[in-house]
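Visitor: Below are the structure tokens for one structure; questions will follow.
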Amino acid sequence: MRTRARIEAEIAALATEVQELARGRGRSLPTLDEWADLLEVLGVTDEDLHAGAQGDEDEEAVFSRFVTRGEVTPAAESVQEAFLAVVLAAVSEDRPAYYRALRALPPLLSDLLVRRAEQWSHHWTATSHFFDLYRGARSWLTGASAPPSLSARPDRTAAEGVQANVAKAKGWQLALLAALALRCAAAELTEWRAWIAGGATTQHDSLLRERVSSTPRCSDDPGTRWARDVAKHTLPDEEEAALVQRGVVSAEELAAVRALPPIPPGRESGH
């Protein structure tokens, strides 16, 4: 008969083995399902994958193109670089490099999200909600448990919510958050470029006509709407200057948009 001390020693050894296994699994490379999650967030289609498989590029080149094909605002470039390091290390199955890259990601990602949280709140919520539904449906079909949500908690401010998500994210979940942030940054740049290249002037003219119309098309005050649109499409001065220097838009286009005057609050009587 085994003694009490021996049984306790066996239990302790088993507990240690379980802890080591859990620790190892927590630091493992991404599974096929996790890769599928990442490609879904990045918006990679079956056609993209097929084209990558048919070309002469190696896997690292293909995944590098998937990560960097979406041009992002300057503030997000450090996150894109750190995220690319995570992806390439995972593709090459270089565990030490993968762990190092993951450790470097949280401070950069958290800083970006805190600075952009309010501007991105609508797009972040909509995209992450769609992604959560996608993963939930897949979990239901396979019988697996649903993975953690990427959505910020609704009882927090946008900045607090994204900070909390980054703080609790581990392993590949960090990569998914970074991919979602880069998707928001790419959308932000696309909208900003369209705004500077003519969208602002078109919207300003439209709201001026709305202000004097006898049959307004919307209930929003044109002056308030214009101020909201300007705030939504304005980047920090240093980022706008960098984008002008790179030729994304011209200095003249940016100056013309900045010169558009505010629209006074209230509505005038129609003629």
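All of the numbers you see were taken from the coordinates with simple rules; none came from a lab. Everything quoted here is computed from the prediction, not taken from an experiment. Every residue, glycine as well, gets a Cβ built from its backbone with ideal geometry; the counts of neighbours run over all protein chains shown.
Visitor: If you put +1 on each Lys and Arg Cβ and -1 on each Asp and Glu Cβ, how big is the dipole of segment 160-246 around its Cα centre, in Debye rounded to 20?
Guide: Details: 11 positive and 12 negative charges, 69 e Å.
It works out to roughly 340 debye.
Visitor: Order 71-77, 119-125, 90-96 from most to least packed using the mean count of other Cβ atoms within 10 Å.
Guide: Details: 71-77: 20.0, 119-125: 17.7, 90-96: 14.3.
Going from most to least packed, we get 71-77, 119-125, 90-96.
Visitor: Taking a ≥ b ≥ c as the square roots of the eigenvalues of the Cα gyration tensor of segment 109-179, is the shape rounded (a/c under 1.5), prolate (a/b larger than b/c) or oblate?
Guide: Values: a/c = 2.29, a/b = 1.72, b/c = 1.33.
Prolate is the answer for segment 109-179, as a/c is 1.5 or above and a/b outweighs b/c.
Visitor: Right, another one. Each residue of segment 72-84 in order: what ³J(HN,Hα) in whole Hz does its phi give by Karplus 6.51 cos²θ - 1.76 cosθ + 1.60, θ = phi - 60°, with x for Gly and Pro?
Guide: After applying 6.51 cos²θ - 1.76 cosθ + 1.60, I find 10, 5, x, 4, 8, 5, 5, 5, 4, 5, 5, 5, 4 Hz.
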